[in-house]
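One structure is given below, encoded as structure tokens.
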Amino acid sequence: MKTNYFKMIMPIMAILFAIAGSFSSKASENKTDTYVTGYISPQWQQMCSISVGCANSGFQACTATYGGITYQAYGKSSPWDTVCFIFRYQYQ
């Protein structure tokens, strides 16, 4: 009887500990800024033509160098926009 009790309860306890451990972990909350796409617009190309990696929040503006010139990156409010005007930050 004691052996059957442990065979039935131990897997249930292991599953409950795994679930409790996943909810108590704060690994996903430690990273506040997320990777988003920013765009640069060199003078001779279309607006928002070259994509670069940026973040939603931070302290430094997202920039990228293209052809020896450093440009500031901006984001689109929707994927179909042709003009980039949302300020993006440097991804840390």
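The values are calculated or read from the model by the stated rules, or taken from the named source; none is laboratory data. Everything numeric here is computed off the predicted structure, so don't read it as measured data. All Cβ positions, even for glycine, are placed from backbone atoms using ideal geometry, and neighbour counts span all protein chains on display.
Of note, ALA64 satisfies the criterion of being at pLDDT 75 or above and either surrounded by 15 or more Cβ atoms within 10 Å (Cβ to Cβ) or hydroxyl-bearing (Ser, Thr, Tyr) (or both). Consider ALA14 carefully, then state whether it is more than 30 Å from GLN90 (Cα to Cα), part of a helix (DSSP H, G or I) and modelled with pLDDT under 75. The answer is no for ALA14. Quick check on the stretch 18-61: of everything there that is of a type in the set (A, V, I, L, M, F, W, C) and modelled with pLDDT under 85, which residue is surrounded by the most Cβ atoms within 10 Å (Cβ to Cβ)? Within the stretch 18-61, the match that is surrounded by the most Cβ atoms within 10 Å (Cβ to Cβ) is CYS48.
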